[in-house]
Amino acid sequence: MAVDKRERAMENLAVASVLGFLAFIVGALSFAADSNSIAVERSAFDQDGRVVALAGHADDPAFDRVFRIQSDSSLAFGAVLTFRSPGGSALVGALFSPNGDLLELRLLGSCASRLPEKAQDLIGAFPGAGEALARAADRVRYLSRASQGAES
Amino acid sequence: MSYIGVVVTSVFVSNALLTYGLGSVPGRGRERPGSLASALALTCVNALASFFLWAVHTLVLYPLGLGALDILFFTLLAVPLLKFLSRAASVPGGGLLSRVGAQADDLIVGSLVFGVALIASRGGYTLPEGLVASSAAGLGYWLVSSLLESIRERLELSDVPGPFKGAPAMLISTGLMALAFSGVDAAFVKGLTG
Amino acid sequence: MNEGRDSFIPNPVLAGLVGICPLIAVSKSLAEASVYGLGAALCAFALGALAPPLRTVIADRLQVPALLTLSSALALIYGLCARVYSPVIAAGLWIYLPLLAVSGLSLSTLRRSASPGRFGPDGQSRLGAVSMEALMFLFSAAFVGAARELIGLGTLTMPAPGMALPRIVLADFAPLRILVSPAGGFILLGFVIAAYRAIARVGGRKLP
């Protein structure tokens, strides 16, 4: 009986160790994938200035990171937003001023959605666009909610 | 959004079956789709699964930068726990609780429970909102599967052309129901419920 | 029903309804459907190769959680690779990449691996059967995705790497936009399955 219990415990430990090792491998791969994502998102804002730093992470369905972008004359923030609708999806680069005003939206890539290519048309495609919102986070949340009902 | 708005959205606008296509394969589980045991099992399992996944994702993994691994730890830790709870509930002769436990045991490893839990944890909800949304998603699935069960019974008695008998007719009926549910507008619900 | 062995292989999606759960949601474009289908196929093939030997070394009571965790790990690895390959496709697939862990194809492969031996009752290799099923799933997913996008939006988005996906635009307008919505997905899949059955009947085979 004691031997059975010990054997069961050893079996449990062995399987748990292997699965823990598997989780470690997947975790390492996820860090590598995150580094790649950060590099890809930074490159989306290359034309706007020098991406100085990663300003912050966000556990938001629409975006993962916010970047601080320094150009010659001004400071801005950039985030790559994911717009999902029942018909399609798109990645959009959004540029904000430090007080949260939306400066520009840029379509980076889309899948099966006929979204407009030009920034002005992209802004105009979403209901309530152009309303004044004080904080960048509110603006981005508004945009992510607007994307739920956006026509593709 | 208010909790009523979250419920209405999860049941109609973002229905688990009709919008996200989760749990599409019919005939799983021992209970009739329209039964009370089925409704309770769907609601409870979805709520518990969402709670576990939200806790694992938000409190443990995301602060460590490992948010993408939530499903791995959910499978490793939460699924055995849910299975244990459902089997503990499904004691013989336990009446409604036993039936709920038995039904829940069949549901746990499936795209419906996993999918609703993922939506609740990654959809930007707080914990109370996530619990309400996932319970309502289970309820919405129960509503649609009950309606589809009635449609299936009628189709069996109808003269359906050979190739359309069974799954094709059910899928087309499901599509027509999805069309009807898509008429409930998210903005309208938000305006109505706040 | 067929007697003896022949070359007709029922399609797992269109005949067996395996894995149709999220297929309806992801098959709104050729790109997303192909990436999802490839993920499901690769995960099922890997499980079909790894599960039988693992079942011989893992105790019975630990097999299900261990194999489910393996399935989740495979799904996560594929999801990470998909994110590196094409961020926009991975973003569009959202929760459906992690859901590969419990896709119908993976679960049916795990169930099949519970039977002992390398060969099934029909004499065919089990891994061979899993491979064929996985390939059929990939083709079915790509076909349904292409059909929905072509008829729904008049475009075909290619599953290419990077952000900017090449798109073939065949119509200046969206012919039947409803098809890219979930409702249209259900309806189209119903018709495709009915057409498959009709064709199989003409070939002398009755499908369930």
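Miscellaneous remarks
- Directionally averaged shadow of the stretch B:84-162, computed from the convex hull of its alpha-carbon atoms, nm²: 7.9
- Computed label-point distance, nm, for sites B:Leu147 and A:Ser17 using a 7 Å Cα→Cβ extension: 5.4
- Shielding by partners for peptide C:192-202, expressed as the average number of C-beta atoms from other protein chains within 10 Å of each residue's C-beta, is 4.
- Selection from C:Leu80, C:Ile168, C:Leu47, by position along the positive dipole direction of the stretch C:20-202 (Cβ): C:Leu47
- B:Ser35, B:Ser150 arranged by Cβ crowding within 10 Å, fewest neighbours leading: B:Ser150, B:Ser35
- Taking the empirical scaling 2.2 N^0.38 Å for compact globular proteins as reference, the stretch C:20-202 has a Cα radius of gyration ratio of 1.12.
- Net charge of Cβ neighbours under 12 Å - reference C:Leu179; Lys, Arg +1; Asp, Glu -1: +2
- Positive-end extreme of charge dipole, chain C - chosen from C:Pro22, C:Gly154, C:Leu179 (charges on Cβ): C:Pro22
- Magnitude of the charge dipole for the stretch C:20-202, about its Cα centre and with charges confined to Cβ atoms of Lys, Arg (+1) and Asp, Glu (-1), is about 280 debye.
- Cβ crowding within 10 Å ranks B:Cys44, C:Cys21, C:Cys81 as C:Cys81, B:Cys44, C:Cys21, fewest other Cβ atoms first.
- More than 16 angstrom apart: percent of Cα pairs within the stretch A:1-43: 58
- Efficiency of FRET between A:Met10 and A:Glu104 - r from beta-carbon atoms, R0 60 angstrom, step 0.05: 0.50
- Exposure proxy shown here: for B:Val132, C:Val84, the number of other Cβ atoms within 10 Å sets the order, fewest to most, as C:Val84, B:Val132.
- Shielding by other protein chains, B:73-83, mean Cβ within 10 Å: 4
- Neighbouring Cβ atoms from other chains, within 10 Å of the Cβ of residues in C:161-170, number 3 on average.
- Selected from A:Asn12, A:Val40, A:Ile25, residue furthest toward positive end of dipole (the stretch A:1-43; charges at beta carbon): A:Asn12
- Virtual spin-label span in nm between A:Ile38 and B:Leu81, 7 Å along Cα→Cβ: 3.1
- In the stretch C:30-118, the trypsin sites (Lys or Arg not before Pro) that fall in loop regions by DSSP, at most 14 other Cβ within 10 Å: C:Arg118
- Our note on the geometry: Cα centres of the stretch C:15-81 and the stretch B:72-116, 21 Å apart.
Any read-out appearing in this document is the output of simple, stated calculations on the displayed coordinates, not a laboratory observation. This is a predicted model, so every value here is computed, not measured. Note that we place each Cβ from the backbone using ideal geometry, even for glycine, and neighbour counts take in every protein chain shown.
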